[in-house]
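Participant: Have a look at the structure that comes next, please.
The values are calculated or read from the model by the stated rules, or taken from the named source; none is laboratory data. The structure presented is a predicted model; accordingly, all values stated were derived computationally and were not measured. For neighbour counting, all protein chains shown are included, and Cβ atoms are generated from backbone atoms with ideal geometry for every residue, glycine included. These accessible areas exclude ligands, DNA and RNA; they are computed on the full protein's heavy atoms, side chains included. Shrake-Rupley method; radii C 1.70, N 1.55, O 1.52, S 1.80 Å.
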Amino acid sequence: MKKLNDDQLNELQKDLDAIRDEVLADLGERDANYIRKIIRLHRTLEIGGRVMMPFGFIPPVFVAATASLGIAKILENMEIGHNVMHGQYDWMNDPSLNSQTYEWDTACSSESWRRTHNYEHHTYTNIIGKDRDYGYAVLRLSDEERWKPRHSLQFINYVLLSTLFQWGVGLHELETEKLTRREIRLRDKIPFLKDFARKGGRQAFKDYVFFPLLTLPVAPIVLAGNLGANLIRNLWASTVIFCGHFTQDAETFSEEECEGESKGHWYLRQLTGSSNFTGGKWLHVLSGHLSYQVEHHVFPDLPAHRYPEISEKVQAVCKKHDIPYNTGTFAKQYGTVLSRIARYSLPDSLRTRLEGKRELQAI
């Protein structure tokens, strides 16, 4: 991580606080209209998908219904649920958009998400040993974690995690790595497991029992469509999240270098530990504007649809302080994610030799 002295960190804090204060002073009808428009779009797509699904014995209708429902789930999880639970719309005093009571359409309960994501991840972003989102306890992505034979299979684990992403996120608070090391006991997690069973059970019942039974003559078609919609959402959400955190240039940090950090240092860590990707308007909307992960980590409670305009100001601050601003096309960033997963699946000695050969070939 780039080193800044205390005066520079204080100046960085002032610059970014000024951007935040400017947006907060401007919040109003524009932002309320935006989130309500997205909610209407989500509901339209979900109802459309549910209504079309029983007619899925016609192949084009099945594709349209599955896609409509999948996109509805993406919008609800990423542009609505994730952002609402960060408190981005608490100022509206709308009970349906309250960060502490909103419950989203996924296996992970909102309460668990607020603990593991809003607090742990956003407080300790990319600090190895503190941020459990880094690799989700199944992937090795930095030298700070020792290579073990099981890591040679981590590309398979990545595919499985992406395919079952809502369930992986839902079980994240189980802390399986601590259970394996016997740092905690399974009985300590019984309250969490009960909460997960309630929420995950409701989700499974809704998509895989209730709606298929509601259309019993074509239940297998509806079941297949719901499975497909959830798969679309899982693959997309995991890809977006990985592109925001695990690209080649996203930095990691030790607990020692972040001990007793100031707000300016926290800002610096968010800037250098996050990654953006470029694209069109709807790519940003469907990513929950996590295509602007840098801005999200710096300002998690500002309405995400503001990130594109905030980005120009954040880039100016980065340029002023000579801080790298990690961005690139979606394809490029995703390519570096896959490369990182593959590289760190190798034993250190083999990875070092291969990287050394590539460096020599580049000369």
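Participant: If each of ARG343 and LYS14 carries a label point 7 Å out from its Cα toward its Cβ, how far apart are those two points in nm?
Facilitator: Taking the two extended label points, one gets 3.8 nm.
Participant: Which Rg and Dmax, in Å, describe the Cα atoms of the stretch 1-63?
Facilitator: Over the stretch 1-63's Cα set, Rg and Dmax evaluate to 23.3, 66 Å.
Participant: Just to check, using Stokes-Einstein with a Kirkwood Rh over alpha carbon pairs, what's the diffusion coefficient of the stretch 282-361 at 37 °C and 0.692 mPa s in µm²/s?
Facilitator: Translational D for this selection: 217 µm²/s.
Participant: Return the loop-located chymotrypsin sites (Phe, Trp or Tyr not before Pro) in the stretch 122-220 (DSSP other than H, G, I, E, B) with at most 11 other Cβ atoms within 10 Å of their own Cβ; answer none if there are none.
Facilitator: Of the chymotrypsin sites (Phe, Trp or Tyr not before Pro), not one in the loops of the stretch 122-220 has a Cβ with at most 11 other Cβ atoms within 10 Å.
Participant: I would also like to ask the following. Over the Cα atoms of the stretch 1-116, Rg to Rh with Kirkwood Rh, two decimal places?
Facilitator: Working: Rg = 19.6 Å, Rh = 17.0 Å.
Over the Cα atoms of the stretch 1-116, Rg/Rh equals 1.15.
Participant: For the chain, give the magnitude of the charge dipole about the Cα centre (Cβ charges: +1 Lys/Arg, -1 Asp/Glu; no others), in debye to the nearest 20.
Facilitator: Details: 45 positive and 46 negative charges, 322 e Å.
Once rounded to the nearest 20, the dipole reads 1540 debye.
Participant: What translational D, rounded to a whole number of µm²/s, comes out for the stretch 55-134 from Stokes-Einstein when the hydrodynamic radius is the Kirkwood one over Cα pairs, at 37 °C and 0.692 mPa s? Could you put the intermediate results ahead of the total?
Facilitator: Working: Rh = 14.5 Å.
My calculation gives 226 µm²/s for D.
Participant: Long-range amide H contacts for THR278: which residues qualify at under 5 Å (H placed 1.01 Å from N, peptide plane, sequence gap of 5 or more or a different chain)?
Facilitator: Those qualifying (amide H under 5 Å, at least 5 residues apart or on another chain) are GLY328, THR329, PHE330.
Participant: Need the full-extension length gain, ARG198 to ASP26, defined as separation in residues times 0.36 nm minus the C-alpha distance. One decimal, nm.
Facilitator: 57.9 nm
Participant: Hey, what angle do you get for helix 190-205 against the long axis of the chain, alpha-carbon based, 0 to 90 degrees rounded to 10?
Facilitator: It is inclined by approximately 50 degrees.
Participant: Shifting gears a bit: Please list the radius of gyration and Dmax for the stretch 136-288, considering alpha-carbon atoms only, with Å as the unit.
Facilitator: 19.4, 62
Participant: Something else about it: Take GLU183 and PHE210, extend 7 Å from each Cα along the Cα→Cβ direction, and tell me the distance between the two endpoints in nm.
Facilitator: 3.8 nm
Participant: Mind checking the per residue accessible area of the stretch 1-71 for me, 1.4 Å probe, whole number of Å²?
Facilitator: Ligands and nucleic acids excluded, the result is 58 Å² per residue.
Participant: If you don't mind, another one. By how many degrees, 0 to 90 and rounded to 10, does the Cα axis of helix 29-52 deviate from the longest principal axis of the chain?
Facilitator: Once rounded, the angle reads 50 degrees.
Participant: Of all the accessible heavy-atom surface of the chain, with the other protein chains kept in place and a 1.4 Å probe, what percent is carbon and sulfur? Don't jump to the answer; show the numbers that get you there.
Facilitator: Values: 10440 of 17280 Å².
About 60 percent, which is the carbon plus sulfur part of the accessible surface.
Participant: Measure up LYS2/LYS189; LYS37/LYS206; LYS37/LYS319; LYS3/LYS130; LYS178/LYS199; LYS37/LYS73 against 27 Å on the Cα-Cα distance and list the ones that go over. It would help to have the intermediate numbers written out before the result.
Facilitator: On the way: LYS2/LYS189 39 Å; LYS37/LYS206 25 Å; LYS37/LYS319 35 Å; LYS3/LYS130 21 Å; LYS178/LYS199 23 Å; LYS37/LYS73 16 Å.
Over 27 Å Cα-Cα: LYS2/LYS189; LYS37/LYS319.
Participant: OK, next. Using a 7 Å offset from the Cα along the Cα-to-Cβ direction at both LYS319 and LEU153, what is the distance between the two label points in nm, to one decimal?
Facilitator: It is 5.0 nm.
Participant: A further question follows. In whole Hz and in residue order, list the ³J(HN,Hα) couplings for the stretch 257-266 that follow from phi through the Karplus curve 6.51 cos²θ - 1.76 cosθ + 1.60, θ = phi - 60°; x for Gly and Pro.
Facilitator: 6, 10, 5, x, 5, 7, 5, x, 5, 4
Participant: Between the helical axis of 348-362 and the dominant principal axis of the chain, each derived from Cα atoms, what acute angle in degrees is found, rounded to the nearest 10?
Facilitator: 70 degrees
Participant: Could you work out the relative contact order of the chain? I mean the mean sequence separation of Cα pairs under 8 Å and 6+ apart, divided by the number of residues, in percent.
Facilitator: Worked out over the chain, it gives 23 percent.
Participant: Expressed as a whole number of Å, what is the distance separating the alpha-carbon centroids of the stretch 227-263 and the stretch 129-206?
Facilitator: 14 Å
Participant: On the principal axes of its Cα set, how long, how wide and how thick is the chain? Give whole Å, largest value first.
Facilitator: 67, 53, 48
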